[in-house]
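Working notes for the structure below.
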Amino acid sequence: AAGRVDPDLPAPPIDALSDETRTTRMRQFLRTTRNALAVVALSVVLTLGAAVALGGSPADRIVAGRVEAVAVGQLGTSDRSAAIDALQVRLRAQPKDHRAWSSLALAYVEQARVTVDPTYYPKAERALRRAARLKPGDDLLLTGRATLAAARHDFTAALSLADRALRANPYSAQAHAVRSDALTELGRYQAALAAATRADRLEPGDGTFARLSYQAELRGDLGAARRLMRRAQLAAAAPESYAFAAAHLGELARAAGDEDAAARHFAVALDADPFSAAARVGRARLAVARGDIASAEGDYLAVVRRLALPEYVVELGELYQATGRPDQAARQYAVAAAAAALSRSNGVGTDLETALFEADHGSPRHALLAARAEWGRRHSIHTADALAWALHAAGRSAEALPYARRATELGSRDARILFHRGVIEAAAGDSAQARRSLAATLDIDAGIHPLRTEQARAVLAELGVQR
């Protein structure tokens, strides 16, 4: 029932609610959700066992997909761990249950995503091998393999596997969802939107609303992105999912220049999940914008001590660098490099992230090698941006300019991409366009990213504009 949000009804505006009302509703939501999840965690194995017997009718396959989606994607931390434990108990008793092996693999991939621990990926791979020995053409197995490939950034393989899963079961919302993710990362945006829409028609819920929101965000349609993410928030089946949506609403508000609304969304997210990394980092970014460096540093440290996500670790390093603490910055960059190495050792492709990091903080040569390698695999706006920035770092701004423009072709209001484009345009001699790009960067990201803001203002000053 949580996923059945009427698409024609506007979501109630969260900003219109009082703090007391929001808190009361959130507590009611958490009590209801925890009770429901306790039942799900205990019953999931029995349900999965019944799902194995479901046959080939569309309705039956959709039901089975929903059961398995609940097992891996809609549980909180403790309940997700309980589901993994229950699946392991089931498989010790019934080692030939191929769909339980596939469900366990999906649970491991989800655990890797949430904990930023790539050592779960080899575990998922082993579980999928067991499933493949039992029934190699099963649609859930193929969806699991596609999901693992996408998590490891092998999006070409993920797309091929998702297509195979859909040939086995055209009604799998999970397979359409991972297909959308792969197409997005490959830069095939119209096909990605179609796949996300198909997944939503089959099984609407927080995951499909979030994917559709991201498709709107990529195209610069922040109003649609907010409406869809609000539906994802209302449809969330676990406090962590609710907090994720609220935190992303905060980021969308920030991109629209509404810092007060962003702060309210981050507060709602932290009320739902006090450990929400996205909300704490969002709050830290707002603190940087206010010049409250101590509060920003405290939130960043609280996150990276629990969750060494390279993006957040690098942001903390850049905060240290911008505030005159190069030794502390270097330590954070070393942590980010170690996290990337751990990901690579567990089969994750990191060339995109390596290209951007090396262009900003390391070797332009290594940045360009990594960016060219990634561009050879996929042509998304983000790989175009990384290649453009690596070329610029290597002193080849004129060659970088077409890629920087390609990175903005969808209309995305991504401050980093606009910043890269503006700096490259200035270096390539297109002063008028550079002013527009860098002004847009500061409108979105004024003060929130200290190094980027400082550099953007410096380049604008050279172009005769004071911000």
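The values are calculated or read from the model by the stated rules, or taken from the named source; none is laboratory data. None of the values given here were measured: they were computed from a predicted structure. Methodologically, a virtual Cβ is constructed for each residue, glycine included, from the backbone with ideal geometry; neighbour enumeration extends over all protein chains shown. Areas reflect the complete protein model, heavy atoms only, side chains present, ligands, DNA and RNA absent. Shrake-Rupley method; radii C 1.70, N 1.55, O 1.52, S 1.80 Å.
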Yes/no for residue 143 being in a helix (DSSP H, G or I) and either in contact with a Lys or Arg (Cβ under 6 Å, 6 or more places away or on another chain) or open to solvent by less than 50 Å² (accessible area, probe 1.4 Å) (or both): yes
Residue that is nearest to residue 130 (Cα to Cα) [pool: residues in region 84-108 that are within 23 Å of the chain's Cα centre (by Cα) and either surrounded by fewer than 24 Cβ atoms within 10 Å (Cβ to Cβ) or without any contact (Cβ under 8 Å) to a residue 24 or more places away in the chain (or both)]: 104
Filter result for residue 78 (at pLDDT 85 or above and either touching a Phe, Trp or Tyr at 6+ places or on another chain (Cβ under 6 Å) or part of a helix (DSSP H, G or I) (or both)): no
Where residue 126 falls short, out of the listed (1) open to solvent by 30 Å² or more (accessible area, probe 1.4 Å); (2) under 17 Å from residue 347 (Cα atoms); (3) not in a helix (DSSP H, G or I): (3)
Helices (runs of 4 or more DSSP H) enclosed by region 340-442 - at least 3 residues per element that are under 19 Å from the mean Cα position of the chain (by Cα): 351-361, 381-393, 415-427
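Condition check ((1) among the basic types (Lys, Arg); (2) touching a helix residue (DSSP H, G or I) at 6+ places or on another chain (Cβ under 6 Å); (3) without any contact (Cβ under 8 Å) to a residue 12 or more places away in the chain) across all residues:
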{"site": "136", "(1), (2), (3)": "no, no, yes"}
{"site": "145", "(1), (2), (3)": "yes, yes, no"}
{"site": "171", "(1), (2), (3)": "no, yes, no"}
{"site": "176", "(1), (2), (3)": "no, yes, no"}
{"site": "203", "(1), (2), (3)": "no, yes, no"}
{"site": "209", "(1), (2), (3)": "no, yes, no"}
{"site": "231", "(1), (2), (3)": "yes, yes, no"}
{"site": "244", "(1), (2), (3)": "no, no, no"}
Which numbered condition residue 331 fails, given (1) touching a helix residue (DSSP H, G or I) at 6+ places or on another chain (Cβ under 7 Å); (2) more than 17 Å from residue 112 (Cβ to Cβ): (1)
Residue in region 154-169 that is open to solvent by 40 Å² or more (accessible area, probe 1.4 Å) and either modelled with pLDDT under 95 or under 21 Å from the mean Cα position of the chain (by Cα) (or both) present: yes
Flag for residue 236 being within 22 Å of residue 412 (Cβ to Cβ), touching a residue at least 12 places away in the same chain (Cβ under 8 Å) and open to solvent by less than 20 Å² (accessible area, probe 1.4 Å): no
Residue check for residue 135: at pLDDT 95 or above and more than 26 Å from residue 244 (Cβ to Cβ): yes
Residue within region 312-326 that is of a type in the set (D, E, K, R), touching a Gly at 6+ places or on another chain (Cβ under 9 Å) and closer than 24 Å to residue 419 by Cα present: no
Residues of region 193-232 satisfying the condition of being part of a helix (DSSP H, G or I), farther than 22 Å from residue 172 by Cα and over 15 Å from the mean Cα position of the chain (by Cα): 222, 223, 224, 226, 227, 230
Some residue of region 298-307 being open to solvent by 30 Å² or more (accessible area, probe 1.4 Å) and of a type in the set (Asp, Glu): no
Search result, residues across region 137-166 that are within 13 Å of residue 109 (Cβ to Cβ) and polar (S, T, N, Q): 143, 147
Out of 409, 374, 425, sole residue that is surrounded by fewer than 17 Cβ atoms within 10 Å (Cβ to Cβ), among the acidic types (Asp, Glu) and in contact with a helix residue (DSSP H, G or I) (Cβ under 8 Å, 6 or more places away or on another chain): 409
Filter result for residue 181 (open to solvent by 10 Å² or more (accessible area, probe 1.4 Å), free of Cβ contacts under 8 Å to residues at least 12 places away in the same chain and in contact with a helix residue (DSSP H, G or I) (Cβ under 8 Å, 6 or more places away or on another chain)): no
